[in-house]
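The values are calculated or read from the model by the stated rules, or taken from the named source; none is laboratory data. Model, not experiment: these values are computed from the prediction. Here the Cβ positions follow ideal geometry from the backbone for every residue, glycine too, while neighbour counts run over all protein chains shown. Note: accessible area is taken over every heavy atom of the protein model, side chains too, but ligands, DNA and RNA are not part of it. Shrake-Rupley method; radii C 1.70, N 1.55, O 1.52, S 1.80 Å.
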Amino acid sequence: MKLINSKMTVTIVLMNPELAKQILSLNIKNRKVNESSIASAVHKMKTNKWHENGESIIIGCDGWLKDGQHRLWATIKANHQWKAVLVTGVDSKVMSSIDTGKNRSASDVLTLNGYTYGALKASLSKLIIMDRYSRDSAKRTNVCNQSVLDYVSANNDKLDTIISITQPLYKKQSTPAFTSSFLSFLLTKIAGENIDNLDDEFYRDYYSGFIKMLCGVVVSEDSAACWVRNTIIKNNSKGNSLQMKWVYNAVIKSWNIYLDGNIPVKSLRVTVDKLEQVKQLTW
């Protein structure tokens, strides 16, 4: 295969590790390799989430690889093969116009597929998926757009129910203590096995009652939830960003107290040594 041409040509090739190595030998004066980008592409290739979307591998008329090094390295590391568009003979003077656009975010992908609350569902889905990786003791990896789309496609009705509970209360916070996505994630954690029962009036009222205290919509000064909210706001006002793990443990600890009758507290002892176990609501 002729990789160096003086005139621009476009070819569809079966990209494989051998061809990728051959093209990478032309990788001169390219941008620095981003290991995270390679790892993300490898993950997609190994989990059947890699799409042949027409994005090209570009070689300049000077014989140097101009665009595609991360995809080529991923092809080698994943031992994967795929149909690629190979463009050769591109004038080096026009290379500054390549890769100047903004990559599509997971939010963009959801919106383009017709889902409401695209940004919120993208952020929430990533939290849920990464929580699942963590519980499975799997290696943490980037959550790709396809994984988010797959999750939302399978759980959209459930996500709509969660958002219908948390979003109105999130907006009523006089001083925000939680982001919308993290508040929704917390609801998925305290609901646990009852996540499919949130349309039931009893469960909906019970869980929303706790969320209302976290958001300050209902103020109960001696409650654990109120203490957590006040502590977060106080630290935020001082520029002290609390660890997400601390916030999570504090909320779960206050939920467990709420579930046990919401006994009054003056303060909570919260550590980040391990994650708090969530007590389940039974009825």
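Tell me which residues, restricted to the stretch 172-207, are open to solvent by less than 30 Å² (accessible area, probe 1.4 Å) and more than 25 Å from the chain's Cα centre (by Cα).
Hit for the stretch 172-207 is 203, nothing else.
Of all residues in the stretch 234-256, which are buried (at least 19 other Cβ atoms within 10 Å of the Cβ), of a type outside the set (Ser, Thr, Tyr) and more than 20 Å from the chain's Cα centre (by Cα)?
249, 250, 251, 252, 253, 255
Looking at the stretch 114-136, which of the residues that are open to solvent by 30 Å² or more (accessible area, probe 1.4 Å) and either in contact with a helix residue (DSSP H, G or I) (Cβ under 7 Å, 6 or more places away or on another chain) or of a type in the set (Gly, Ala, Ser) (or both) is nearest to residue 156 (Cα to Cα)?
Here the residue is 115.
Return the residue satisfying two criteria in turn: it lies in the stretch 186-242 and is part of a loop (DSSP other than H, G, I, E, B) and of a type in the set (Val, Ile, Thr), and of such residues it is nearest to residue 174 (Cα to Cα).
Only one residue fits best here, namely 217.
Restricting attention to the stretch 48-66, report how many residues are within 13 Å of residue 25 (Cα to Cα) and either crowded, with 17+ Cβ neighbours inside 10 Å or touching a Lys or Arg at 6+ places or on another chain (Cβ under 8 Å) (or both). Step through it out loud before you land on a result.
Within the stretch 48-66, the first condition is being within 13 Å of residue 25 (Cα to Cα), and the residues that meet it are 59, 63-66.
Narrowing further to those that are either crowded, with 17+ Cβ neighbours inside 10 Å or touching a Lys or Arg at 6+ places or on another chain (Cβ under 8 Å) (or both): 59, 64-66.
Here the count works out to 4.
Please verify whether residue 181 is touching a Leu at 6+ places or on another chain (Cβ under 6 Å) and not β-branched (Val, Ile, Thr), treating the condition exactly as stated. Outline the logic, then answer.
Values: touching a Leu at 6+ places or on another chain (Cβ under 6 Å): yes; not β-branched (Val, Ile, Thr): yes.
Here the answer is yes, as residue 181 does meet what is asked.
Does residue 134 count as part of a helix (DSSP H, G or I), under 20 Å from residue 105 (Cβ atoms), among the hydroxyl-bearing types (Ser, Thr, Tyr) and modelled with pLDDT under 95? Give the steps one after another, and end with the answer.
Working: part of a helix (DSSP H, G or I): yes; under 20 Å from residue 105 (Cβ atoms): no; among the hydroxyl-bearing types (Ser, Thr, Tyr): yes; modelled with pLDDT under 95: yes.
In short, no.
Can you pull out every residue in the stretch 67-78 that is open to solvent by 30 Å² or more (accessible area, probe 1.4 Å) and touching a Lys or Arg at 6+ places or on another chain (Cβ under 9 Å)?
76
Could you give me the residue pairs with C-beta distances under 7 Å whose first residue belongs to the stretch 40-57 and is under 14 Å from residue 16 (Cα atoms), whose second residue is in a loop (DSSP other than H, G, I, E, B) and open to solvent by less than 40 Å² (accessible area, probe 1.4 Å) wherever it lies, and which are 6+ apart or on separate chains?
Every condition considered, the pairs that remain are 57/68.
Being within 29 Å of residue 200 (Cβ to Cβ) and of a type in the set (A, V, I, L, M, F, W, C) is the filter here; which residues of the stretch 266-283 pass it?
The initial filter retains those residues of the stretch 266-283 that are within 29 Å of residue 200 (Cβ to Cβ), namely 275-283.
Those that are within 29 Å of residue 200 (Cβ to Cβ) and of a type in the set (A, V, I, L, M, F, W, C): 275, 278, 281, 283.
Which ones in the stretch 217-231 are open to solvent by 10 Å² or more (accessible area, probe 1.4 Å), in contact (Cβ under 8 Å) with a residue 24 or more places away in the chain and either among the charged types (D, E, K, R) or within 17 Å of residue 266 (Cα to Cα) (or both)?
Once the filter is applied, which keeps residues that are open to solvent by 10 Å² or more (accessible area, probe 1.4 Å), in contact (Cβ under 8 Å) with a residue 24 or more places away in the chain and either among the charged types (D, E, K, R) or within 17 Å of residue 266 (Cα to Cα) (or both), the stretch 217-231 yields 220, 222, 227, 229.
Read through the list (1) under 29 Å from the mean Cα position of the chain (by Cα); (2) closer than 25 Å to residue 155 by Cα, then give the number of the only condition that residue 276 fails.
It fails just one condition, (2).
Yes or no: the stretch 100-113 includes at least one residue that is open to solvent by less than 20 Å² (accessible area, probe 1.4 Å), out of contact with any Ser or Thr (no Cβ under 9 Å at 6 or more places or on another chain) and either β-branched (Val, Ile, Thr) or modelled with pLDDT under 90 (or both). Write out each step before concluding.
Here is the first cut: in the stretch 100-113, the ones open to solvent by less than 20 Å² (accessible area, probe 1.4 Å) are 106, 110.
Subset that is out of contact with any Ser or Thr (no Cβ under 9 Å at 6 or more places or on another chain): none.
No: zero hits.
Step by step: first the residues of the stretch 255-281, then only those that are out of contact with any Asp or Glu (no Cβ under 7 Å at 6 or more places or on another chain) and polar (S, T, N, Q), then the one that is farthest from residue 191 (Cα to Cα). Which residue is that? Step through it out loud before you land on a result.
Restricting attention to the stretch 255-281, the residues satisfying the condition of being out of contact with any Asp or Glu (no Cβ under 7 Å at 6 or more places or on another chain) are 255-263, 266-279, 281.
Those still in the list that are polar (S, T, N, Q) too: 256, 262, 267, 271, 277.
On the way: 256: 12, 262: 17, 267: 24, 271: 22, 277: 13 Å.
Looking at residues that are out of contact with any Asp or Glu (no Cβ under 7 Å at 6 or more places or on another chain) and polar (S, T, N, Q), I get 267.
If you scan the stretch 31-47, which residues turn out to be open to solvent by less than 70 Å² (accessible area, probe 1.4 Å) and assigned to a helix (DSSP H, G or I)?
36, 37, 38, 39, 40, 41, 42, 43, 44, 45
Of all residues in the stretch 59-85, count the ones that are assigned to a strand (DSSP E or B) and over 20 Å from residue 37 (Cβ atoms).
Number satisfying all stated conditions: 2.
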